[in-house]
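See below for the structure under consideration.
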Amino acid sequence: MPRDVFRICPRASWERACTVGHYDGEPLDLRDGFLHLSAAEQVAATLDKHFPGRTDLVLLRLSADGLAPALRWEASRGGELFPHLYAQLLPDQALAVYELPLDDRGRHRLPEQLLG
């Protein structure tokens with residue numbers, strides 16, 4: 001399994017989490033009972049499917065090992081395994097926070113660190 005996993009979230013939600021000391025997720029996460037995460041190769045498709053055109057997002061890089069044992073890889077879209085976090089996310093668990101600007105075609109520009 002990958003060493004790092006990623007969380008796409010609204011900037012305001014992450015800023016609030018940094019103030020209160022934890023991130024519980026968005027309504028979909030609360031409904032499902034876990035935080036939806038992505039492996040590096042899943043981020044672009046997740047952005048296209050669930051967040052098209054949004055300009056208020058950040059991408060969190062997280063250590064898969066650092067999230068254990070609350071991190072599980074479970075079948076989702078088309079049977080593909082996705083990382084799911086069954087715990088709150090603490091701000092100090094973010095290894096990096098990247099902006100997700102749109103390019104001139106309206107698609108999110110991924111950080112170089114994710115592409116390399």
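Semi-axes of the equivalent ellipsoid of region 49-100: what are they in whole Å, largest first, if each equals the square root of 5 times a C-alpha gyration tensor eigenvalue?
Equivalent-ellipsoid dimensions as semi-axes: 20, 19, 8 Å.
In a shell of Cβ-Cβ distance under 13 Å around Phe82, excluding Phe82 itself, what net charge do Lys and Arg (+1) and Asp and Glu (-1) give?
Every neighbour counted, the sum reads -1.
Only loop residues by DSSP count here, and only those with at most 16 other Cβ atoms within 10 Å; note down the GluC sites (Glu not before Pro) in region 1-90 that meet that.
Here the GluC sites (Glu not before Pro) that fit, given the DSSP loop and packing criteria, are Glu80.
So what is the 222 nm mean residue ellipticity for the chain from helices alone, if each DSSP H run of at least 4 adds -39500 (n - 2.57) and you divide by all residues, rounding to the nearest 500 deg cm²/dmol?
It comes out at -6500 deg cm²/dmol, rounded to the nearest 500.
Using DSSP to call loops (not H, G, I, E or B), can you name the chymotrypsin sites (Phe, Trp or Tyr not before Pro) in region 35-116 whose Cβ has at most 14 other Cβ atoms within 10 angstrom?
For chymotrypsin sites (Phe, Trp or Tyr not before Pro) across region 35-116 that sit outside H, G, I, E and B with at most 14 neighbouring Cβ atoms in 10 Å, the list reads Tyr86.
May I ask for the Kirkwood hydrodynamic radius of region 4-104, worked out over all distinct Cα pairs and given in angstroms to one decimal?
The answer is 13.8 Å.
Can you tell which of Ala70, His50, His36 lies farthest toward the positive end of the dipole of the chain, using +1 and -1 charges on the Cβ of basic and acidic side chains (Lys, Arg; Asp, Glu)?
Among Ala70, His50, His36, the one farthest towards the positive end of the dipole of the chain is His50.
Read the figures in this text as sums done on the coordinates, not as results from a lab. Predicted, not measured: the structure shown is a model, and the values here were computed from it. Every residue, glycine among them, receives a Cβ derived from its backbone with ideal geometry; neighbour counts consider all protein chains shown.
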